[in-house]
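The structure under discussion appears below in the form of structure tokens.
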Amino acid sequence: MRPEPGQVLHFSEDPAITRFVPHLAATARQPGEYVWAVDASRSPDYWFPRQCPRAMAWTVPGSSGEDRDRIIGPGCGSRVHAVEYGWLERMRTVELYAYRFDAAPFRPFGDNAVVATEPVVPLGPAERVGDLFELHERAGIALRVLPSLWPFWDAVTTSSLGWSGIRLRNARPRDGG
């Protein structure tokens, strides 16, 4: 599930939203009210239940072959997503939807998202995303299931790979903490 050219997507577990109004997210680390969306390259970051903690890594120019093999895995492509075992059932059963928007009212926000500062209306009704495991497989993204995200996260963030973490506050506590 990715946007078409000239579109961006917003992923949600609510299939009945007809108008998106900018708001200050409860988890915001920056001021400002926004409607959040993602482009095609960042859509896979959201093929998860909304509250699911996930750590992701991918190759970028300058990534070492050693880091790719150590973190992504030999023969596993150029990208890996990791979740904890406790989220597997939710990944199997979640009903996730994507809303398509015209990209024109959105502007880049950091490296991961695009935002609109005015209300936006989807181009059509919410589309069911479908099987999250199948999406990962079709996209060639390795999906790793771990007892804890923290050892993986520590390896990723000190590597030469690109990386991102979402909802990490919902991950199991670090050992000893």
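Please list, ordered by first then second residue, the pairs with beta carbon atoms under 9 Å, 6 or more apart or interchain, first in the stretch 71-91 and in contact (Cβ under 8 Å) with a residue 40 or more places away in the chain and over 13 Å from residue 141 (Cβ atoms), second hydroxyl-bearing (Ser, Thr, Tyr) and assigned to a loop (DSSP other than H, G, I, E, B).
Taking only residues 6 or more apart or on different chains, the pairs are 71/159; 84/148.
Output the residue which, of all residues in the stretch 72-85 that are modelled with pLDDT of 95 or more and out of contact with any Phe, Trp or Tyr (no Cβ under 6 Å at 6 or more places or on another chain), is farthest from residue 16 (Cα to Cα).
Going through the qualifying residues, I end up with 80.
Check 155, 126, 139, 116 and return the single one that is under 19 Å from residue 43 (Cβ atoms) and either touching a helix residue (DSSP H, G or I) at 6+ places or on another chain (Cβ under 7 Å) or among the aromatic types (Phe, Trp, Tyr) (or both).
On inspection, the qualifying residue turns out to be 139.
For the stretch 1-33, give me the residue count where each residue is touching a helix residue (DSSP H, G or I) at 6+ places or on another chain (Cβ under 9 Å) and loosely packed, with under 12 Cβ neighbours inside 10 Å.
Of the residues in the stretch 1-33, 1 are touching a helix residue (DSSP H, G or I) at 6+ places or on another chain (Cβ under 9 Å) and loosely packed, with under 12 Cβ neighbours inside 10 Å.
The values are calculated or read from the model by the stated rules, or taken from the named source; none is laboratory data. Bear in mind the structure is a predicted one, so any value in this text is a computation, not a measurement. Backbone-built Cβ (ideal geometry, glycine too); neighbour counts: all protein chains shown.
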